[in-house]
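The values are calculated or read from the model by the stated rules, or taken from the named source; none is laboratory data. Bear in mind the structure is a predicted one, so any value in this text is a computation, not a measurement. In this analysis, Cβ positions are derived from the backbone assuming ideal geometry, glycine residues included, and neighbour counts consider all displayed protein chains.
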Amino acid sequence: MWAKEIEERIKKLREMGRDPYLVAYRFDVSSPASEIVSKYAYLKPGDETSDSVSVAGRVWHIRRHGKITFMDLYDNTGKIQIVVKTDSLREDDRPLLEIIDKGDIIGVSGRVIKTKAGEVSVLAERIEILSLSWRPIPFHEFGIKDPEQRYRERYLDILLNSRVRNAIVNLYKLEYNMRRILHDKGFVEVHTPKLQPIYGGALAKPFITRIEALKRDAYLSIAPETYLKRLVVAGLYRVYEIAVCFRNEDIDATHYPEFVQLEIYQAFADWNDIMSLVEELVSESVKSVYGDYKVEVKSDNDSYTIDFRRPWRRITLEEAIERYGGVNIANKDETEIMEIARNLGIEATDPRRGKILEKIFEKTAQPKINDPTFITLFPRDISPLARPYRNDPKYSERFELYIRGLEIGNGYSELNNPVLQYHFFKEEEELRKKAGRVDVESHPMDRDYVRSLEYGLPPTGGVGIGLYRLSMVLSGLSSIKDVIPFIYVVPDEFQCAVELNPNLLDLYLK
């Protein structure tokens, strides 16, 4: 039905010489909507000015009352009301009022007024249709309700769902502020390869692809870590990347195969320096974007406050299990810890002490952490790229950042001893062989990375921060997919307008 209706609308515009796809190539915008509303907030109801402005955006609602039409126009900054009085509008534009519909993109020029109802508005003197909404848009307060349609037609969901749109915009504002802080500290932003001969930098299953020109398989990057540390070896002593990473693993509320993280490496620094850097980066960026260190968040089911004021709490993994989880693990051996895990209903297929403790923490303590908290001293056997703890080599100088029950970051004093690095890689390789699976969470042997360490990596601290997860906790959205602009979807079957109405081709091809 809509495909036939759009044909009629275009024909009417064509008769007027106003088909936007033939004549509307640009429009001069003098001010964004939010700026006009703010600037003229002082007006009293009923006031009119002689100030002319031009705005452009999408028509959200239309209310026709005799010779007066009210339209809500949204641009990328917000809403402004357009008031159209027949006697104020240019004569040539008056027929457009019968054609303009919800969803159309228009440009309006006119004077700023405040209506008797007290709303800052533009009294239209000229109107141009800049683009038509061919498909009907389901304008209502809650956006698209069908989950499948939300992710399939992501552009429509972002258009209609202000929480999703704001989360995405704020994510990039956070990135901007983090870049600014790092730039001021002398860090250099780089790009590492996304096609790699050996994947590494995390314990994760990779995507495998093929480079036909070389007749060799390659892996999509699961993390930029080992390449960034190669650059530290090369003399880039402060380096970072906002990196797209790929991990061929589960898709759930907090995991997605393609994600973005900020990875930072600083020479002559250790894990304490990096924890302080992370505190500054996140807290100051949050304050810049949200206006305060304490952020009030409304989620789907409740509301909560996150306090980003520094300093943040620091607590060891084992202390967190006992304090938050209420599980006594002090002085327990591997057999006893395995029994504790079984009693908690944890399936522990990986026999490493560190992996079992990590799973106990995830089940008992992690959900109870709200404000930013550093969990420190992870067991060495699950930290192959971290430097052993200087006071007890059973542990590593590794920390993870948790906010609102989510792991947001992972960092450590970087292992720079090539002998130990080779040994730890060899341990991981043996673990993979015993498991008999490529997808086991172990780090592959990377001799080239070891070779780079043999040229000398200075004492270095590093961290990876999951930007999508940070955006999740700040927006109150329950799924990581909601803060990602576009996700992978299986293509569906549908018809485009010209398939539904082949007459549309004649309008532009004859």
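Say whether the condition of being in contact with an Asp or Glu (Cβ under 9 Å, 6 or more places away or on another chain) and among the hydroxyl-bearing types (Ser, Thr, Tyr) is met by at least one residue in segment 346-363. The answer is no; no qualifying residue exists. Looking across segment 143-161, the residues that are in contact (Cβ under 8 Å) with a residue 12 or more places away in the chain and out of contact with any Leu (no Cβ under 8 Å at 6 or more places or on another chain) come down to TYR151, ARG152, ARG154, LEU156, ASP157, ILE158, LEU159, LEU160, ASN161. Among the numbered conditions (1) in a helix (DSSP H, G or I); (2) more than 22 Å from ASP104 (Cα to Cα), the only one that ILE158 does not meet is (2).
Results for (1) of a type in the set (Val, Ile, Thr); (2) in the same structural domain as ARG469 (by TED's automatic domain parsing); (3) at pLDDT below 95; (4) surrounded by fewer than 18 Cβ atoms within 10 Å (Cβ to Cβ), shown as yes or no for each residue.
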| site | (1), (2), (3), (4) |
| --- | --- |
| GLU148 | no, no, yes, yes |
| MET178 | no, yes, no, no |
| ASP184 | no, yes, no, yes |
| VAL190 | yes, yes, no, yes |
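For segment 202-227, filtered to residues that are basic (Lys, Arg) and either outside the structural domain of SER452 (by TED's automatic domain parsing) or in contact with a strand residue (DSSP E or B) (Cβ under 8 Å, 6 or more places away or on another chain) (or both), the residue that is surrounded by the most Cβ atoms within 10 Å (Cβ to Cβ) is ARG210. Scanning segment 337-353 for residues that are part of a helix (DSSP H, G or I) and over 18 Å from TYR324 (Cβ atoms) turns up MET338, GLU339, ARG342, ARG353. When restricted to residues that are in contact (Cβ under 8 Å) with a residue 60 or more places away in the chain and not in a strand (DSSP E or B), segment 105-132 contains 5. For SER283, the criteria (1) within 13 Å of LEU174 (Cβ to Cβ); (2) surrounded by fewer than 14 Cβ atoms within 10 Å (Cβ to Cβ) hold in every case but one, which is (2).
Quick grid of which residues meet (1) within 28 Å of the chain's Cα centre (by Cα); (2) on the phi > 0 side of the Ramachandran plot; (3) hydroxyl-bearing (Ser, Thr, Tyr):
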site	(1), (2), (3)
LYS355	no, no, no
THR364	yes, no, yes
THR373	yes, no, yes
THR376	yes, no, yes
PRO388	no, no, no
TYR395	no, no, yes
PHE399	yes, no, no
ARG404	yes, yes, no
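Out of the residues in segment 247-280 that are at pLDDT below 95 and either basic (Lys, Arg) or in contact with a Pro (Cβ under 8 Å, 6 or more places away or on another chain) (or both), which is surrounded by the fewest Cβ atoms within 10 Å (Cβ to Cβ)? Here the residue is ILE251.
Going through segment 162-196 one residue at a time, which ones are more than 15 Å from the chain's Cα centre (by Cα) and in contact (Cβ under 8 Å) with a residue 40 or more places away in the chain? Answer for segment 162-196, where residues must be more than 15 Å from the chain's Cα centre (by Cα) and in contact (Cβ under 8 Å) with a residue 40 or more places away in the chain: ARG179, ILE181, LEU182, LYS185, GLY186, PHE187, VAL188, GLU189, VAL190, HIS191, THR192, LYS194. Each residue in segment 353-408 was checked for being among the hydrophobic types (A, V, I, L, M, F, W, C) and more than 21 Å from ALA269 (Cβ to Cβ), and 9 of them qualify. Using the structure shown, decide if ARG63 is within 29 Å of the chain's Cα centre (by Cα), assigned to a strand (DSSP E or B) and farther than 14 Å from VAL122 by Cβ. For ARG63, the condition - within 29 Å of the chain's Cα centre (by Cα), assigned to a strand (DSSP E or B) and farther than 14 Å from VAL122 by Cβ - is not met.
Of all residues in segment 78-99, which are among the aliphatic types (A, V, I, L, M), part of a helix (DSSP H, G or I) and under 20 Å from SER52 (Cβ atoms)?
Our first condition is that a residue be among the aliphatic types (A, V, I, L, M); within segment 78-99, this holds for 80, 82-84, 89, 96-97, 99.
Keeping just the survivors that are part of a helix (DSSP H, G or I) gives 96-97.
Matches in segment 78-99: LEU96 only.
ILE375 satisfies every condition listed in (1) within 15 Å of VAL278 (Cβ to Cβ); (2) part of a helix (DSSP H, G or I) except (2).
Beta carbons closer than 8 Å, at least 6 apart along the sequence or on distinct chains, pair a first residue in segment 27-41 that is crowded, with 18+ Cβ neighbours inside 10 Å with a second that is modelled with pLDDT of 95 or more and assigned to a helix (DSSP H, G or I) for SER31/LYS39. The number of residues in segment 301-359 that are among the small types (Gly, Ala, Ser) and surrounded by 14 or more Cβ atoms within 10 Å (Cβ to Cβ) comes to 5. Of all the criteria given as (1) of a type outside the set (D, E, K, R); (2) under 18 Å from LEU281 (Cα atoms); (3) part of a loop (DSSP other than H, G, I, E, B), the one not satisfied by LEU203 is (2). Of the listed requirements (1) outside the structural domain of LEU22 (by TED's automatic domain parsing); (2) surrounded by 15 or more Cβ atoms within 10 Å (Cβ to Cβ); (3) of a type outside the set (Asp, Glu); (4) assigned to a loop (DSSP other than H, G, I, E, B), LYS102 misses just one: (1).
Conditions (1) surrounded by 18 or more Cβ atoms within 10 Å (Cβ to Cβ); (2) not assigned by TED's automatic domain parsing to the domain that holds ARG18, marked per residue:
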| position | (1), (2) |
| --- | --- |
| LYS67 | no, no |
| MET71 | yes, no |
| ASP92 | no, no |
| ILE106 | yes, no |
| GLU119 | no, no |
| ILE144 | yes, yes |
| TYR151 | yes, yes |
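Just give me the residues in segment 200-233 being aromatic (Phe, Trp, Tyr) and either over 18 Å from LEU415 (Cβ atoms) or within 22 Å of the chain's Cα centre (by Cα) (or both), in sequence order.
Of all residues in segment 200-233, those aromatic (Phe, Trp, Tyr) come to 207, 219, 227.
Result: PHE207, TYR219.
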